[in-house]
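Notes for the one structure printed next.
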Amino acid sequence: MQYQEAKFVILRQYLDYGQDAFARLLNMSRSNLSSLETERIKPTVQTLIRVCVGFGISAELLVKGNVQDLITQVQAFKSKETIISRLTDLTESEVQKYSDKIGERTKLSRKAKGLSQKQLAQSLNLSQSSISEIEKGKTLPSVDQLVALSETLETTIDYLLLGIPGKGTEALVMAVQRRREEFPEEDENDFLKLIATLKRIWGNANEKEKKWIRKQVEEVFPVFIGEPEDR
């Protein structure tokens, strides 16, 4: 994947910040920011989370979209003052709350896709132990791995990274996930089977049927589908 690190330059310039001030805002060293902007390194998962939450932008857009669409989204929804305030107030523990869930969301999406850890690992040219470490939350995926995971598991970067479901099967997965959090004593395999069933039905449904499915899920599971996880 060719990552557009120039987007970080655009975001910094949008705030009228120099590298020193912007690096502090992103809780990184100036040298790392400089390396990021000149494409010598790629952003960490934590940096992606901080930027997406602070600027209020889509992770898909930040990682895979074009610069102009990124600028348009930032300008349309957030003032510079709001962005600066969000980034200033965003703590490391809040960022970690997002990153701690990546493994769980990866596992749920893998199970819903009907893949074993070995099969997923082979698809991504990774070792099975690497997938296991990610799912257990012991390691975080790189940006490239995050993109590959989202594509292989047919989900979105926003869901894996931030827990924000899309209009499709991510919303169904998340609804069931919240149900499991409310009733942890229930068997995990039952939830995973339910997710797989919902995704299979969803994949064969037309638009009218999808609206009905979403309505039923919303009624069974008290969740606002389409809303991000609590921050």
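No lab work stands behind these numbers, since they all come straight from the coordinates. The structure presented is a predicted model; accordingly, all values stated were derived computationally and were not measured. Quick reminder, even Gly has a Cβ in these numbers, built from the backbone with ideal geometry, and neighbours come from all protein chains shown.
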If each residue's Cβ is checked for other Cβ atoms within 10 Å, how do Tyr159, Tyr14, Tyr98 rank with the fewest at the top?
Tyr14, Tyr98, Tyr159
So which of Lys111/Lys138; Lys97/Lys210; Lys97/Lys211 end up more than 26 Å apart by C-alpha?
Lys97/Lys210; Lys97/Lys211
Quick one: 3J(HN,Hα) in Hz for region 61-68, Karplus 6.51/-1.76/1.60 with θ = phi - 60°, rounded, Gly and Pro as x.
5, 5, 8, 10, x, 8, 4, 5
For Lys136, Lys97, ascending order of other Cβ atoms within 10 Å (fewest first) is Lys136, Lys97
Ranking Arg110, Arg86 by Cβ neighbours within 10 Å, fewest first, what do you get?
Arg86, Arg110
